[in-house]
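As structure tokens, the structure follows; a few thoughts come after it.
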2 protein chains.
Amino acid sequence: MAKEEEKGECGGWKEKGHENGVCTADASAKPITGDENPQPPGWFAEYSPLWPGQAHFLKIERVLFEGKSQYQHMIVLESTAYGKVFVLDGALQLTEKDECAYQEMITHLPLCSIPNPQKVLLIGGGDGGILREISRHSSVVHIDICEMDMMLIDVYREFFPEVAIGYDDPRVRLHIMDGSEFLKSAQVGTYDAIIVDAFDPIKHEIFGSPFFETVAKALREGGVMCIQAESLWFPSLNLPKLIHTFRNIFKGSVSYAWTPVPAYPSGVIGFLLCSTEGPHVDFTRPANPLDHHDAGSSFGVAKEPPKFYNAEMHSASFCLPSFARDCV
Amino acid sequence: MAKEEEKGECGGWKEKGHENGVCTADASAKPITGDENPQPPGWFAEYSPLWPGQAHFLKIERVLFEGKSQYQHMIVLESTAYGKVFVLDGALQLTEKDECAYQEMITHLPLCSIPNPQKVLLIGGGDGGILREISRHSSVVHIDICEMDMMLIDVYREFFPEVAIGYDDPRVRLHIMDGSEFLKSAQVGTYDAIIVDAFDPIKHEIFGSPFFETVAKALREGGVMCIQAESLWFPSLNLPKLIHTFRNIFKGSVSYAWTPVPAYPSGVIGFLLCSTEGPHVDFTRPANPLDHHDAGSSFGVAKEPPKFYNAEMHSASFCLPSFARDCV
């Protein structure tokens, strides 16, 4: 580098030396102490166990609801930046501002990847937003949803009617029960698509668990499964292991997508998509596009067209940065 | 919806009524008060003025450096989640964990969009990371950088040598001066590409300012400019106005890209790309690809291939969610 310290308004510090800078970069730099998880009043603080050492803080205007079902603790907050926010056992679940990104992507990534989906099963997703998105697909004739907690559904219906509107679709059949139990009695090869929005594949001990075997069995040949799969930025995400495990279970295609969701820790969320043996599924190209300029997207119970998903976003979500692409 | 409350482990709450839930969703819900910008000890808290009501908190292990130049206040922190972090006047500038995303995208989006870039001007970007990325391009023969603050460069050199390594490229010519001043005396049509990493187009009053007129004049016909352009999630981002303004100034193509950067508020950062009149530039397709499997990417001073950028990420970054796509 040819350095050229020019005259005029520039420079100055170099000549003066470091007298303004106080360098403490040596062994004497004392570790800083502080609260492990501070909770300043007036703010909701979310500490992600999947990426310790960082937190997302939301300023809170009002607590709209607080209650406890037999399964879990629920809070509905009015936030300054994200509108209404639903918190489940201390973890942020959904915000009005960005729910479109998660709900639309976890639904249309699988449903737009196969032609003519007819029977869909949703495990979890009790808020109703994924139902609202499934509802846009006119080919669908039957939607089963397994949600354990009826109180959760009622709280969403009261405070997030534009999300819970998904329950208004007459094709929806609600089963208040555990998805694993439901799957045990599901007929082999029933579903074109199964969406799992009930737990995180990293946090839970799914490796070696029979749950996904039952999901795969309930799918038809060339049927598809989509599950939330954390963030590429999390040090705890072992993508090669995740993909290897799911490839062994589902036997068809396995792909990883990611999409921006600002209220989720690190600002992105991933999805794992799997197909069973049978007709090949290329998840990266929507074989069954749902463009909101098409008449198809005005089908169903949603009052507005998709805000986030479109065919370009679909394909783009499978493009991964080099550090991840090379391990898939 | 056909509701089917099944037996077994499920349900229960509905029958019991709401006795567990305490609904406070009425006019009596008191507003919550608290600190406007809490700063818990042991944590670095960043409050973005562009999206009030939310904050990103990083747990801090050590303060490695604190100092003040004639222009600004600098802190280097060792964080738990992001490695070393550089803070300028209270705003997070760079982290070891995610600097690759920002530096690689702001550099290769413009440089890979035109064939054979030779002369490049960088305004700001004193950390050296963008220089490191420009250095990968073997076609480049000359790199000017304008950075006002020599102390900032020295601090980066000391604490972030893998970022500041960009200065080691013999094609780099450092001008310690204000970029606006430098541009006033720049010859018309000199540069193939100009990268502006000095300020934010939203925060600063660039509309009506002559700065970008001088940038456009310093570019050759069909030359390109790239500037950081905030987040699509910010309510303050007026994308149609931004694009309209820049189209009037640069007269060629104008495109908006976005990419995940977890330490940036909302988890994504945008880029505005403009070309001047002349040979048409399609920013969405890299005419001059830099794939890290190519020999080309081992060119220059960087010790490792790109971690984030690749040709697929390049094109994907221009795919926008429907709420933004329809206003571009």
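The values are calculated or read from the model by the stated rules, or taken from the named source; none is laboratory data. Note that the structure is predicted; figures quoted are calculated from it, not measured. Here Cβ is always computed from backbone atoms with ideal geometry, including for glycine, and neighbour counts include all displayed protein chains. Please note that ligands, DNA and RNA were not included when accessible areas were found on the heavy atoms of the full protein model with its side chains. Shrake-Rupley method; radii C 1.70, N 1.55, O 1.52, S 1.80 Å.
Structural remarks
- The listed residue being modelled with pLDDT of 95 or more, touching a Pro at 6+ places or on another chain (Cβ under 7 Å) and closer than 29 Å to B:TRP51 by Cα, out of B:ASP149, B:ASP98: B:ASP98
- Residue tally, condition within 7 Å of chain A (Cβ to nearest Cβ) and of a type in the set (Asp, Glu), over segment B:31-71: 3
Results for (1) buried (at least 19 other Cβ atoms within 10 Å of the Cβ); (2) not hydroxyl-bearing (Ser, Thr, Tyr), shown as yes or no for each residue.
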site	(1), (2)
B:THR107	yes, no
B:GLY128	yes, yes
B:GLU133	yes, yes
B:ILE145	yes, yes
B:SER180	no, no
B:GLN187	no, yes
B:THR190	no, no
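- Top-ranked residue of segment B:298-316 - restricted to ones that are over 16 Å from A:TRP258 (Cβ atoms) and among the small types (Gly, Ala, Ser), ranked as nearest to the other protein chains (Cβ to nearest Cβ): B:ALA311
- Matching residues in segment A:57-83 - criterion: being part of a loop (DSSP other than H, G, I, E, B) and farther than 28 Å from B:PRO235 by Cβ: A:SER69, A:GLN70, A:TYR71, A:GLN72
- Filtered by the rule that a residue be assigned to a strand (DSSP E or B) and open to solvent by 80 Å² or more (accessible area, probe 1.4 Å), segment B:238-253 gives a lone residue, B:LYS251.
- Flag if A:ILE195 is touching a Cys at 6+ places or on another chain (Cβ under 7 Å) and farther than 20 Å from A:PHE271 by Cβ: no
- Members of segment B:50-69 found to be more than 16 Å from A:LEU58 (Cβ to Cβ), surrounded by fewer than 19 Cβ atoms within 10 Å (Cβ to Cβ) and in contact with a Lys or Arg (Cβ under 8 Å, 6 or more places away or on another chain), listed by number: B:ARG62
- Evaluation of A:SER253 against the conditions (1) under 22 Å from A:TRP233 (Cα atoms); (2) free of Cβ contacts under 8 Å to residues at least 60 places away in the same chain shows that the sole unmet condition is (1).
- Residue tally, condition of a type outside the set (Gly, Ala, Ser) and farther than 18 Å from A:PRO289 by Cβ, over segment A:104-140: 8
- Some residue of segment B:124-141 being charged (D, E, K, R) and free of Cβ contacts under 8 Å to residues at least 40 places away in the same chain: no
- The single condition from (1) within 12 Å of chain A (Cβ to nearest Cβ); (2) over 17 Å from B:SER322 (Cα atoms); (3) open to solvent by 20 Å² or more (accessible area, probe 1.4 Å) that B:PRO235 fails is (2).
- Taken over segment B:86-131, the criterion of being within 18 Å of B:ILE153 (Cβ to Cβ), out of contact with any Phe, Trp or Tyr (no Cβ under 6 Å at 6 or more places or on another chain) and in a loop (DSSP other than H, G, I, E, B) is satisfied by B:ASP89, B:GLU96, B:GLY125, B:GLY126.
- Within segment B:258-280, considering residues that are part of a strand (DSSP E or B) and farther than 28 Å from B:TYR82 by Cα, the one farthest from the other protein chains (Cβ to nearest Cβ): B:THR276
Conditions (1) at pLDDT 95 or above; (2) open to solvent by 10 Å² or more (accessible area, probe 1.4 Å), marked per residue:
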site: B:GLY270; (1), (2): yes, no
site: B:CYS274; (1), (2): yes, no
site: B:HIS280; (1), (2): yes, yes
site: B:PRO286; (1), (2): yes, yes
site: B:TYR309; (1), (2): yes, no
site: B:ASP326; (1), (2): no, yes
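- With respect to the conditions (1) more than 19 Å from the chain's Cα centre (by Cα); (2) under 27 Å from B:ALA81 (Cβ atoms); (3) buried (at least 18 other Cβ atoms within 10 Å of the Cβ), B:GLY300 lacks only one, and its number is (2).
- Selection count where residues are surrounded by fewer than 24 Cβ atoms within 10 Å (Cβ to Cβ) and more than 21 Å from A:GLN93 (Cα to Cα), scope segment A:113-126: 6
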